[in-house]
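Novice: First the structure, which I've put down as structure tokens, then a few questions once you've had a look.
The values are calculated or read from the model by the stated rules, or taken from the named source; none is laboratory data. A quick note: this is a predicted structure, and the numbers were derived from the prediction, not measured. Here Cβ is always computed from backbone atoms with ideal geometry, including for glycine, and neighbour counts include all displayed protein chains. What goes into the accessible areas is simple: the full protein's heavy atoms, side chains included, and nothing from ligands, DNA or RNA. Shrake-Rupley method; radii C 1.70, N 1.55, O 1.52, S 1.80 Å.
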Amino acid sequence: MEQKVKRIGVLTSGGDAPGMNAAIRAVARTALGLGIDCIGIRRGWNGLISSDFIKLTTSSVSHIINRGGTLLYTARSEEFRTTAGLDKALATCKLLGLDAIVAVGGDGTFRGALDLSRRASEVGYQLQVAGIPATIDNDIGCSNYTIGFDTACNTAVECIDKLRDTMQSHERCSVVEVMGRHAGYLALYVGLSVGATAVLIPEHELDFERDIVEKIRRARLAGTTHYMVVVAEGVGSAIEIGDRIHEAVGIDPRVTVLGHIQRGGAPTARDRETASRMGYEAVKAIVSNQGNCVVATKEGRMVVIEMEEALKMTKTFEMDRYRILEALTNNNYAEIG
Ligand code: F6P
């Protein structure tokens, strides 16, 4: 049965990503423009459990489109994984009269949303949920792009450009660890953008000799006197990799772990624009009773995918980019001349 949507909740959950604020703003303003109330749930699913919320108005979401982090705070919730936690969260939904929730985050956030909506049906409460993909890892199966990725790439590139200046001056090797516990998208895009000597990603099994030592040797033969090795967090400790390079090649690498700096900062135009469109489409999907769904990007277009389907989707890692990186660095100097 069609449901008239009167009040929507919005929350951010999991690791924050630049552009989340732009998504919150878009959800709130689209809803308010349609005469729907918008409630900001604070601290992710925990906020729904503990009734931690604020009313969002057009002006309360002003001047946040340009800000990193999330106005609503974020968290990971263990309690929300339990039926008792879901029931507490539903009690808040009832208290607030929420017809729908827009959850901005990653796969874990969407799984939580789906569990909540299923539990709601079991107890006879109608609740739509819509997901907006946001993570600097860009590792959500259903969406080509996730909010925050572009900003994180640009932040890492800016840092590495600075490192390169000093590495070049001292003719050193730099080992830089970028985020990505399970995914190498960030490392690969960043590596390609800085012209790294080698990039190590979890999707490509590491052969130390082939993937690092040989590449540094080739670069050296090609006349390079500084080397940039970009390591995705999921591959292992950059410090250990630095030590192994020292033993194998006899150089003394400097190791930099970029860490959480990659999650902060003003979102790029791409992240603001994507977040604004996704927020708008999420509310539109709810209003047309299309929840439960995820708003995703497919070849630059916005698509609305049924949430259960979306959670089953997997992404094929773009190994072609890895090959391009290899072709463009001087690793293949002998072949390309
Ligand atoms: O948000 C994704 C991510 O940044 C991963 O790349 C990283 O492994 C993880 O979050 C770290 O999360 P936290 O420090 O918040 O536990």
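Novice: For region 31-41, check the following and say yes or no: at least one residue is more than 22 Å from residue 145 (Cα to Cα) and within 21 Å of the chain's Cα centre (by Cα). First the steps, then the outcome.
Specialist: The initial filter retains those residues of region 31-41 that are more than 22 Å from residue 145 (Cα to Cα), namely 31-41.
From what is left, the residues that are within 21 Å of the chain's Cα centre (by Cα) are 40-41.
Yes: region 31-41 contains one or more residues that are more than 22 Å from residue 145 (Cα to Cα) and within 21 Å of the chain's Cα centre (by Cα).
Novice: Let me ask something else. Could you list, ordered by first residue, the pairs with Cβ atoms under 7 Å in which the first is in region 1-30 and under 15 Å from residue 280 (Cα atoms) and assigned to a helix (DSSP H, G or I) and the second is away from the ligand (no atom under 16 Å from the Cβ) and aromatic (Phe, Trp, Tyr), at least 6 apart or interchain?
Specialist: Partner pairs satisfying both residue conditions: 26/280; 30/280.
Novice: Out of region 262-288, which residues are open to solvent by less than 40 Å² (accessible area, probe 1.4 Å), over 13 Å from residue 26 (Cα atoms) and in contact with an Asp or Glu (Cβ under 9 Å, 6 or more places away or on another chain)? Give the steps one after another, and end with the answer.
Specialist: If we filter region 262-288 for residues that are open to solvent by less than 40 Å² (accessible area, probe 1.4 Å), which is where we start, we get 262, 264, 267-268, 271, 274-276, 278-279, 282-283, 285-286.
When the remaining residues are screened for being over 13 Å from residue 26 (Cα atoms), the result is 262, 264, 267-268, 285-286.
If the condition is that a residue be open to solvent by less than 40 Å² (accessible area, probe 1.4 Å), over 13 Å from residue 26 (Cα atoms) and in contact with an Asp or Glu (Cβ under 9 Å, 6 or more places away or on another chain), then 264, 267, 268, 286 are the ones that fit.
Novice: Which condition number in (1) at pLDDT below 95; (2) under 30 Å from residue 8 (Cα atoms); (3) among the hydroxyl-bearing types (Ser, Thr, Tyr) is the one that residue 316 fails?
Specialist: (2)
Novice: Right, here's the next one. How many of the residues making up region 16-60 are within 16 Å of the ligand (Cβ to nearest atom) and open to solvent by 20 Å² or more (accessible area, probe 1.4 Å)?
Specialist: So the answer is 3.
Novice: Select from region 219-236 the residues that are away from the ligand (no atom under 14 Å from the Cβ) and not in a strand (DSSP E or B) and write down the one among them that is surrounded by the most Cβ atoms within 10 Å (Cβ to Cβ).
Specialist: My answer is 219.
Novice: Taking the residues in region 192-218 that are basic (Lys, Arg) and surrounded by 14 or more Cβ atoms within 10 Å (Cβ to Cβ) as candidates, determine which candidate is nearest to residue 179 (Cα to Cα).
Specialist: My answer is 215.
Novice: Next question. Checking the conditions here, which among 191, 141 is under 22 Å from residue 274 (Cα atoms) and modelled with pLDDT of 95 or more? Before the answer, list the steps.
Specialist: Numbers: 191 fails: under 22 Å from residue 274 (Cα atoms).
Answer to the selection: 141.
Novice: Would you please name the residue that is farthest from residue 272 (Cα to Cα), looking only at residues in region 1-15 that are away from the ligand (no atom under 16 Å from the Cβ) and surrounded by fewer than 24 Cβ atoms within 10 Å (Cβ to Cβ)?
Specialist: The selected residue is 1.
Novice: Of a type outside the set (S, T, N, Q), modelled with pLDDT under 95 and surrounded by 20 or more Cβ atoms within 10 Å (Cβ to Cβ) - does that describe any residue in region 237-245? Even if it seems obvious, please write down each step before you answer.
Specialist: Restricting attention to region 237-245, the residues satisfying the condition of being of a type outside the set (S, T, N, Q) are 238-245.
If we keep only those that are modelled with pLDDT under 95 as well, we get none.
No, region 237-245 contains no residue that is of a type outside the set (S, T, N, Q), modelled with pLDDT under 95 and surrounded by 20 or more Cβ atoms within 10 Å (Cβ to Cβ).
Novice: Being of a type in the set (Gly, Ala, Ser) and within 16 Å of the ligand (Cβ to nearest atom) is the filter here; which residues of region 183-205 pass it? Lay out the reasoning, then the answer.
Specialist: Pass one, region 183-205, residues of a type in the set (Gly, Ala, Ser): 183-184, 187, 191, 193, 195-196, 198.
Of everything in region 183-205, those that are of a type in the set (Gly, Ala, Ser) and within 16 Å of the ligand (Cβ to nearest atom) turn out to be 183, 184, 187, 191.
Novice: Hey, could you check region 77-114 for residues that are crowded, with 24+ Cβ neighbours inside 10 Å and not in a helix (DSSP H, G or I) and say which is nearest to the chain's Cα centre (by Cα)?
Specialist: 105
Novice: Of all residues being free of Cβ contacts under 8 Å to residues at least 60 places away in the same chain and within 16 Å of the ligand (Cβ to nearest atom) in region 158-182, which is least open to solvent (accessible area, probe 1.4 Å)? Just the residue, please.
Specialist: Among residues in region 158-182 that are free of Cβ contacts under 8 Å to residues at least 60 places away in the same chain and within 16 Å of the ligand (Cβ to nearest atom), the one least open to solvent (accessible area, probe 1.4 Å) is 180.
Novice: Take the residues in region 116-149 that are touching a Ser or Thr at 6+ places or on another chain (Cβ under 9 Å) and in a helix (DSSP H, G or I), then tell me which one is least open to solvent (accessible area, probe 1.4 Å).
Specialist: Ranking the qualifying residues of region 116-149, first place goes to 149.
Novice: Name the residue, out of 295, 257, 249, that is open to solvent by 60 Å² or more (accessible area, probe 1.4 Å) and either among the hydrophobic types (A, V, I, L, M, F, W, C) or in contact with a Gly (Cβ under 6 Å, 6 or more places away or on another chain) (or both).
Specialist: 257
Novice: I'd like to verify a number: residues in region 172-216 that are assigned to a helix (DSSP H, G or I) and not aromatic (Phe, Trp, Tyr), how many? First the steps, then the outcome.
Specialist: First pass over region 172-216, keeping only residues assigned to a helix (DSSP H, G or I): 185-194, 208-216.
So of that shortlist, the ones also not aromatic (Phe, Trp, Tyr) come out as 186-188, 190-194, 209-216.
Going through region 172-216 one residue at a time, the tally reaches 16.
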